[in-house]
Amino acid sequence: MKQRMTAVAGLPGVGKTDWIRQQFTQKPTLYFSPATRVGIDQTRLAAEFPSVQFLADDQQAQLWNLLAAGVTAYLELGYHLDLAQIAPILDTLNCHRVAIVPAGMQAADWEEWADEIVEGSSTATDATSLWVANTTGHVIDPDSLEVFWYELTQGAYGTVSRAKGIFELADGLSVYGDFIAGRELQFDELNLPRWLEGRPQRLSGLEVWGNQLDEVAIAQTFQDCCLSDAAIRHYQQQVKEMLIEEAMV
């Protein structure tokens, strides 16, 4: 039986999603990440690869049908999942298992589980505390986001070793923020249209790995940084006027 599914596992921040991105050269292709509370990686990939099919947890039944139809699928397994419990399911699917391990790290812990071991980032984290928030509908201005992200990643709310999020900005754009301890912070604009009509109804969210996290303070500080309905309307009107002026030039 030809293998149609590849399952990818590894520590947070080791590069699982980035490795899958590199594989999205075959068509048709499918991406599925089970038991994900907020689909940050899925949303980012969908914006970059509109031809790839993405499934939610309640669409697992479709996965088997698509595999039978010859679709090539990539299954990203979050570090919070118990791989031993998932293994019997992967066996029934004749699944190829890939473990992404930190650069320079011994791969002995993964040799029994994985069919293939790939060297990933050296900045992966073994933090065990995970905080996740769905922030869909919230809008933040860039300056407030910069302050919040700096405080979050520099220890104001506990020791953060890995953080990623999708944020809706006041100008209607959506950005992806990525932080791993020891690596330079970056924000990337997602390939999505500007949202200029009320609160955005597309997914945004935040995922934080760390130790001794003050989850209440993180949530409250982010909420305090977000804009009111009146402020959102004001910004959106300004952007609309700017775009009209640019179109007339």
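The values are calculated or read from the model by the stated rules, or taken from the named source; none is laboratory data. Quick caveat: nothing in here was measured; it's all calculated off a predicted structure. When we count neighbours, we look across all protein chains shown, and the Cβ atoms used for this are built from the backbone with ideal geometry, even at glycine. The accessibility values were calculated without ligands, DNA or RNA, using every heavy atom of the protein model including side chains. Shrake-Rupley method; radii C 1.70, N 1.55, O 1.52, S 1.80 Å.
Among the criteria (1) open to solvent by 10 Å² or more (accessible area, probe 1.4 Å); (2) part of a loop (DSSP other than H, G, I, E, B); (3) within 27 Å of Ala107 (Cβ to Cβ), the one Lys27 does not fulfil is (3).
Filtering region 88-134 to residues that are closer than 23 Å to Met5 by Cα, hydrophobic (A, V, I, L, M, F, W, C) and touching a Phe, Trp or Tyr at 6+ places or on another chain (Cβ under 7 Å) leaves Ala99, Ile100, Val101, Ile117, Val118.
In region 187-201, of all residues being surrounded by fewer than 16 Cβ atoms within 10 Å (Cβ to Cβ) and in contact with a strand residue (DSSP E or B) (Cβ under 6 Å, 6 or more places away or on another chain), the one that is nearest to His234 (Cα to Cα) corresponds to Glu189. Considering region 148-180, and only residues there that are touching a residue at least 60 places away in the same chain (Cβ under 8 Å) and part of a loop (DSSP other than H, G, I, E, B), the residue that is most open to solvent (accessible area, probe 1.4 Å) turns out to be Asp171. In region 124-147, is there at least one residue being without any contact (Cβ under 8 Å) to a residue 24 or more places away in the chain, in a loop (DSSP other than H, G, I, E, B) and surrounded by fewer than 16 Cβ atoms within 10 Å (Cβ to Cβ)? No, the conditions are met nowhere in region 124-147.
Among the residues of region 98-109, just one is open to solvent by 30 Å² or more (accessible area, probe 1.4 Å) and within 23 Å of the chain's Cα centre (by Cα), namely Ala103. State all residues of region 68-97 that are in a helix (DSSP H, G or I), open to solvent by less than 50 Å² (accessible area, probe 1.4 Å) and of a type in the set (Val, Ile, Thr); if no residue qualifies, say none. Once the filter is applied, which keeps residues that are in a helix (DSSP H, G or I), open to solvent by less than 50 Å² (accessible area, probe 1.4 Å) and of a type in the set (Val, Ile, Thr), region 68-97 yields only Ile86.
When you check Gln201 against the structure, is it modelled with pLDDT of 95 or more, among the polar types (S, T, N, Q) and either part of a helix (DSSP H, G or I) or more than 28 Å from Pro12 (Cα to Cα) (or both), yes or no? Break it down into steps so the answer makes sense when it comes.
Details: modelled with pLDDT of 95 or more: yes; among the polar types (S, T, N, Q): yes; either part of a helix (DSSP H, G or I) or more than 28 Å from Pro12 (Cα to Cα) (or both): no.
Criteria not met by Gln201.
Count of region 181-208 residues, restricted to those that are under 22 Å from Ser129 (Cβ atoms) and over 13 Å from the mean Cα position of the chain (by Cα), is 4.
Within region 21-32, residues that are in contact (Cβ under 8 Å) with a residue 24 or more places away in the chain sit with their Cβ atoms under 9 Å from residues that are loosely packed, with under 13 Cβ neighbours inside 10 Å and polar (S, T, N, Q), at 6+ positions apart or across chains, in these pairs: Phe24/Ser51; Lys27/Ser51; Pro28/Ser51; Thr29/Ser51; Phe32/Gln59; Phe32/Gln60. Scanning region 11-57 for residues that are more than 11 Å from the chain's Cα centre (by Cα) and of a type in the set (Ser, Thr, Tyr) gives Thr25, Thr29, Tyr31, Ser51. Looking only at residues in region 40-49 that are touching a residue at least 24 places away in the same chain (Cβ under 8 Å) and farther than 18 Å from Ala9 by Cβ, the one that is most open to solvent (accessible area, probe 1.4 Å) is Glu48.
Inspect region 162-178 for any residue being out of contact with any Cys (no Cβ under 6 Å at 6 or more places or on another chain), over 29 Å from Gly198 (Cβ atoms) and not hydroxyl-bearing (Ser, Thr, Tyr) and give the result as yes or no. Yes, that holds for at least one residue. Only one entry in Glu184, Glu245 is loosely packed, with under 15 Cβ neighbours inside 10 Å, modelled with pLDDT under 95, of a type outside the set (Gly, Ala, Ser) and under 21 Å from Thr123 (Cβ atoms), namely Glu184.
Name the residues in region 181-191 that are in a loop (DSSP other than H, G, I, E, B) and either of a type outside the set (Lys, Arg) or touching a Lys or Arg at 6+ places or on another chain (Cβ under 8 Å) (or both), would you? Ala181, Gly182, Glu184, Leu185, Leu190, Asn191, listed by residue number.
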